[in-house]
Amino acid sequence: MKISIGADHAGYEMKQDLIEFIRKLGHEVHDVGTFEPGKPDDYPDYAVLVAQDLRSGAAERGVLVCGSGVGASVAANKIRGIRAGLCHDTYSAHQGVEHDDMNVLCLGSRIVGEALAIELMRAFLPAQFTHEARHERRLAKVMQLETEN
């Protein structure tokens, strides 16, 4: 699977660890930055880059890391076609994909440690949308919100 990953300065170190782990699992990684953690930057810029990878088909899933994960999640969810979830537990990391077709996992580097971040990736990456009728119906309503609002 192709994974696009981005982080601001606060998420840089965790991003580096996750890239190594994702590659060990056999996935292809596109790192969209930051590449200079000492320079001021803004999480919405990385949300846009990850979203562009997903919308273009260059990646199948995305990962965003910032200090709390909240800003990255808010920014990513403003972009049509992106369903980003802030997850700090493994249940949400796989259930968000299975029930809600979540395509971007957002993490807070100041909230979760490296070991939990690895477990969240283990839950997120293999998860698949179930296509159950109730989930399809709800996803259609979510997608309708993008066109109406």
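The values are calculated or read from the model by the stated rules, or taken from the named source; none is laboratory data. Since the structure is predicted, the reported quantities are computational estimates derived from the model, not experimental observations. Ideal geometry is used to build each Cβ from the backbone, glycine not excepted, and the neighbour counts take in all protein chains shown.
One table, with the values for the structure above:
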item	result
Qualifying residue in the stretch 85-96 (condition: touching a His at 6+ places or on another chain (Cβ under 6 Å), closer than 26 Å to LEU145 by Cα and free of Cβ contacts under 8 Å to residues at least 60 places away in the same chain)	no
Residue that is nearest to ALA117 (Cα to Cα), among those in the stretch 41-94 that are acidic (Asp, Glu) and part of a loop (DSSP other than H, G, I, E, B)	ASP89
Enumeration of residues in the stretch 104-126 that are assigned to a loop (DSSP other than H, G, I, E, B), surrounded by fewer than 19 Cβ atoms within 10 Å (Cβ to Cβ) and of a type in the set (Gly, Ala, Ser)	GLY113
Condition check for GLU13: in contact (Cβ under 8 Å) with a residue 40 or more places away in the chain, surrounded by fewer than 17 Cβ atoms within 10 Å (Cβ to Cβ), more than 17 Å from GLU60 (Cα to Cα) and not β-branched (Val, Ile, Thr)	yes
Close pairs from the stretch 51-70: first under 18 Å from PHE35 (Cα atoms), partner of a type in the set (S, T, N, Q) and modelled with pLDDT of 95 or more, Cβ under 8 Å, at least 6 apart	ASP53/SER4; GLY62/SER4; GLY62/ASN103; VAL63/SER4; LEU64/SER73; VAL65/SER109; CYS66/SER109; GLY67/SER109
Filtered residues of the stretch 16-40 (kept if of a type in the set (D, E, K, R) and either part of a helix (DSSP H, G or I) or crowded, with 22+ Cβ neighbours inside 10 Å (or both))	ASP17, GLU20, ARG23, LYS24
Pairs where the first residue, in the stretch 122-147, is closer than 15 Å to ALA84 by Cα and the second is charged (D, E, K, R), C-beta under 6 Å, 6+ apart	ALA127/GLU98; PHE129/ASP101; LEU139/ASP101; GLU146/ARG80
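A quick yes/no check of all residues on (1) out of contact with any strand residue (DSSP E or B) (no Cβ under 8 Å at 6 or more places or on another chain); (2) more than 20 Å from LEU25 (Cα to Cα):
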| site | (1), (2) |
| --- | --- |
| GLY38 | yes, yes |
| TYR43 | no, yes |
| ALA58 | no, no |
| HIS99 | yes, yes |
| SER109 | no, yes |
| ALA117 | no, no |
| PRO126 | yes, no |
| THR130 | yes, yes |
| VAL142 | yes, yes |
